[in-house]
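Trainee: Take this structure, written in structure tokens, and hold onto it; I'll ask about it next.
The values are calculated or read from the model by the stated rules, or taken from the named source; none is laboratory data. What you see is a predicted model; the values in this text were computed from it and never measured. Ideal geometry is used to build each Cβ from the backbone, glycine not excepted, and the neighbour counts take in all protein chains shown.
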Amino acid sequence: MAAAKSSNIDEYIAGFPSDIQKILQDIRTAIQNTVPEATEAIKYNMPTFIFRSNLVHFAAFNNHIGFYPAPTANDVFERDLSAYKTGKGSIQFPYSQPIPLDLIAEIVAWRVKRVEAGMK
């Protein structure tokens, strides 16, 4: 499953089946609620939130949502992420489990603090 090249997040989300659209919109809303001053963009053909720099990206795949806190928050949230497949800078949230919106919001808030502190 891959969305066609999109020029904005609304187009990106619209390119998926309704059940995936709901998940993507829920993630988008969780991020917007956490950092309302962030702007939205499409980068690397993924929804991206920008707060002074790239904050987080996310994308829908065949079996999971890819979430990319740039740079990684995986070591800080190691315990919370233990149930998910992670890689350097990536987290996979499978569709077979509820998407952890609260955890996503926590990671986004952590990223905002890092950006505000001038860290990458």
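Trainee: Checking TYR12 against (1) surrounded by 19 or more Cβ atoms within 10 Å (Cβ to Cβ); (2) within 13 Å of the chain's Cα centre (by Cα): exactly one of these is not met. Which one?
Mentor: Condition not satisfied by TYR12: (2).
Trainee: Please go through region 86-118 and pick out each residue that is aromatic (Phe, Trp, Tyr) and under 17 Å from PHE61 (Cα atoms).
Mentor: Answer for region 86-118, where residues must be aromatic (Phe, Trp, Tyr) and under 17 Å from PHE61 (Cα atoms): PHE93, TYR95.
Trainee: List pairs: first in region 19-45 and within 25 Å of SER96 (Cα to Cα), second of a type in the set (Lys, Arg), Cβ under 9 Å, 6+ apart or cross-chain?
Mentor: Listed by first residue and then by second, the contacts come to ASN45/LYS5.
Trainee: Out of all the residues in region 27-65, which are hydroxyl-bearing (Ser, Thr, Tyr), on the phi > 0 side of the Ramachandran plot and touching a helix residue (DSSP H, G or I) at 6+ places or on another chain (Cβ under 9 Å)?
Mentor: Matches in region 27-65: none.
Trainee: Among what's in region 44-80 and is exposed (fewer than 13 other Cβ atoms within 10 Å of the Cβ) and in contact with a strand residue (DSSP E or B) (Cβ under 8 Å, 6 or more places away or on another chain), pick the residue that is modelled with the highest pLDDT.
Mentor: ASN63
Trainee: Could you tell me which residue of region 83-120 is surrounded by the fewest Cβ atoms within 10 Å (Cβ to Cβ), considering only residues that are among the aliphatic types (A, V, I, L, M) and assigned to a loop (DSSP other than H, G, I, E, B)?
Mentor: ALA117
Trainee: May I pose another question? Find the residue count for region 19-39, including only residues that are of a type in the set (D, E, K, R) and more than 20 Å from PRO94 (Cβ to Cβ).
Mentor: Looking only at that region, the number is 1.
Trainee: Further question: On the given criteria, is SER53 of a type in the set (Ser, Thr, Tyr) and over 29 Å from SER7 (Cβ atoms)? Break it down stepwise before answering.
Mentor: Working: of a type in the set (Ser, Thr, Tyr): yes; over 29 Å from SER7 (Cβ atoms): no.
Taking the combined requirement at face value, the residue does not satisfy it.
Trainee: Restricting to region 54-108, give me the number of residues that are over 29 Å from GLY118 (Cβ atoms) and of a type in the set (S, T, N, Q).
Mentor: Going through region 54-108 one residue at a time, the tally reaches 6.
Trainee: Has region 41-59 got any residue that is among the hydrophobic types (A, V, I, L, M, F, W, C), assigned to a loop (DSSP other than H, G, I, E, B), over 12 Å from the mean Cα position of the chain (by Cα) and over 18 Å from GLU11 (Cβ atoms)?
Mentor: No, region 41-59 contains no residue that is among the hydrophobic types (A, V, I, L, M, F, W, C), assigned to a loop (DSSP other than H, G, I, E, B), over 12 Å from the mean Cα position of the chain (by Cα) and over 18 Å from GLU11 (Cβ atoms).
Trainee: In region 6-18, is there at least one residue being among the hydroxyl-bearing types (Ser, Thr, Tyr), touching a Ser or Thr at 6+ places or on another chain (Cβ under 6 Å), free of Cβ contacts under 8 Å to residues at least 60 places away in the same chain and over 13 Å from TYR95 (Cβ atoms)?
Mentor: yes
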